[in-house]
Amino acid sequence: MLDAKYVLENPSLVIKKTALRGIDIELNEFLGLSEERKEYLQKVESLRFKLNKSSKLIGQKKKAGEDAAVLIGEMKSLSDEIKRKEEKLREVNKKLNNILLSIPNLPHKSVPEGLNTEKNKEIRRFGKMPEFSFKAKPHWEIGESLGILDFKRAAKITGTRFAVYLGAGARLERALINFMLDMHTNEKGYKEVIPPFIANTNSLIGTGNLPKFEEDLFKLKDYDWYMIPTAEVPLTNYYRDEILDAKILPQRFVAYTPCFRSEAGSYGKDIRGLIRQHQFNKVEMMSFVMPEDSYSELEFLTNAAEEVLKRLGLHYRVVSLCTGDLGFAGAKTYDLELWMPDRNDYIEISSCTNCEDFQARRSNIRFKREKKSKPEFVHTLNGSGVALGRTVSAILECFQQEDGSVLIPEKLRPYMGDKKFIKP
């Protein structure tokens, strides 16, 4: 959420910066409601002054033994009028808040300007694209021929866009989870967390998933609960409505969770395989930092995600998303994109995002530099460290062998019983 005062003082700039995202907003209602709010506040303050004055006069009259009935009647009328004005004020505040909840974060000045992916800026690459002396197969064919992925029976159990992992396939995913968690905790200083996989409405409002993106979520019937679309939701809300001591910052968390997404609006896109599933696993990194440290933290977090891919020997590139490709809560995002041979193209495997104080303001997460200092909003950052289904897909496609087997990346072999290949 943007600072209401900032929006009020800089409406033209807010409109201009959101337009860079390809989003047209108008703030006339917000400005009008802000004036209305100001008037109600002044009226309530004036009425309370009169109320306090009447209360003192009533006390004086009673002390002097005089009749205070008229003043008591006036005091009741003032009290009733204050209640009516305060109710109107609450209504205005709710409308203002709803408008602020609908406005996306503003892009950082370093974000490339543009309205589509063509304007994203490539920052760097690692490794070489795999080359094959035989006709390479897509990962779903490899997984099915090896007997480690079953999409047909998953569809029978649930529906399309689900998968059953079997044998070495299940172990490969588990190996990736443990490998990533071990690296992030032992070497990068992240604290491992197992959060709830279900979150309430306030948690999803805090991260920016609600109210705007409700259609992308799975809601539990008769409960104020949703299946989490990413561990970013429970991790961000861990400190909701708290004031932290600056001495404990930065706080870095990492969590493995399943993620659940309806993928609304993506019909016909990446139907086959593991690329776009309704349920998938992910290792997520989360940081809470002081404002002046958030952009150096973005580099740290991005490098941690990159290190996973480097050690697996997968070819990838890092891209700075343009203004029009940023997520709702992001001020700046680096995407890590893996090379997928069957697609002959890159696919996003991790988004590393600095949300600045956007989520912290929605979630009311603050910190104090000193005991007597004024609380400030922390900056929050999140990034996949990394998405597992897509990593499995890349391993199967990039390390496939002519005999139908798949070479297991060296760093995963200790987690796979020291096996070198997944064989038919």
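Descriptive notes on the structure:
- Lone unmet requirement of (1) at positive phi; (2) exposed (fewer than 12 other Cβ atoms within 10 Å of the Cβ); (3) in contact (Cβ under 8 Å) with a residue 12 or more places away in the chain for residue 29: (1)
- Only residues that are farther than 23 Å from residue 402 by Cα, open to solvent by less than 50 Å² (accessible area, probe 1.4 Å) and either more than 28 Å from the chain's Cα centre (by Cα) or not aromatic (Phe, Trp, Tyr) (or both) were counted in the range 136-172, giving 7.
- Positions within the range 182-216 being assigned to a loop (DSSP other than H, G, I, E, B), out of contact with any Pro (no Cβ under 6 Å at 6 or more places or on another chain) and open to solvent by less than 20 Å² (accessible area, probe 1.4 Å), in sequence order: 190, 208, 210
- Flag if residue 330 is part of a loop (DSSP other than H, G, I, E, B), crowded, with 23+ Cβ neighbours inside 10 Å, on the phi < 0 side of the Ramachandran plot and within 20 Å of the chain's Cα centre (by Cα): yes
- For beta carbons closer than 6 Å, sequence separation of 6+ or different chains, a first residue in the range 32-48 that is polar (S, T, N, Q) and a second that is open to solvent by 70 Å² or more (accessible area, probe 1.4 Å), the qualifying pairs are 34/8.
- Check on residue 289, in contact (Cβ under 8 Å) with a residue 12 or more places away in the chain, within 24 Å of residue 237 (Cβ to Cβ) and in contact with a Gly (Cβ under 6 Å, 6 or more places away or on another chain): no
- Residues satisfying the criterion are absent from the range 69-79 (criterion: touching a residue at least 40 places away in the same chain (Cβ under 8 Å), of a type outside the set (D, E, K, R) and surrounded by 14 or more Cβ atoms within 10 Å (Cβ to Cβ)).
- Of all residues in the range 80-105, those satisfying the criterion of being within 30 Å of residue 359 (Cα to Cα), open to solvent by less than 40 Å² (accessible area, probe 1.4 Å) and in a helix (DSSP H, G or I) are 89, 92, 96, 99, 100, 101.
Condition check ((1) open to solvent by 70 Å² or more (accessible area, probe 1.4 Å); (2) among the basic types (Lys, Arg)) across all residues:
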{"residue": "51", "(1), (2)": "no, no"}
{"residue": "56", "(1), (2)": "yes, yes"}
{"residue": "109", "(1), (2)": "yes, yes"}
{"residue": "114", "(1), (2)": "no, no"}
{"residue": "117", "(1), (2)": "yes, no"}
{"residue": "134", "(1), (2)": "no, no"}
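- Test: residue in the range 393-409 that is more than 22 Å from residue 144 (Cα to Cα) and open to solvent by less than 10 Å² (accessible area, probe 1.4 Å): no
- Qualifying strands (runs of 3 or more DSSP E) (wholly inside the range 345-424; at least 2 residues being closer than 20 Å to residue 136 by Cβ): 345-354
- Residue identified as free of Cβ contacts under 8 Å to residues at least 40 places away in the same chain and either open to solvent by less than 10 Å² (accessible area, probe 1.4 Å) or under 20 Å from residue 277 (Cβ atoms) (or both) among 363, 373, 384, 351: 351
The values are calculated or read from the model by the stated rules, or taken from the named source; none is laboratory data. Just so you know, these numbers come straight off a predicted model, no measurement behind them. Don't worry about glycine lacking a Cβ; one is built from the backbone with ideal geometry, like all the others, and counts go over all protein chains shown. For accessibility, only protein heavy atoms count, side chains too; no ligands or nucleic acids. Shrake-Rupley method; radii C 1.70, N 1.55, O 1.52, S 1.80 Å.
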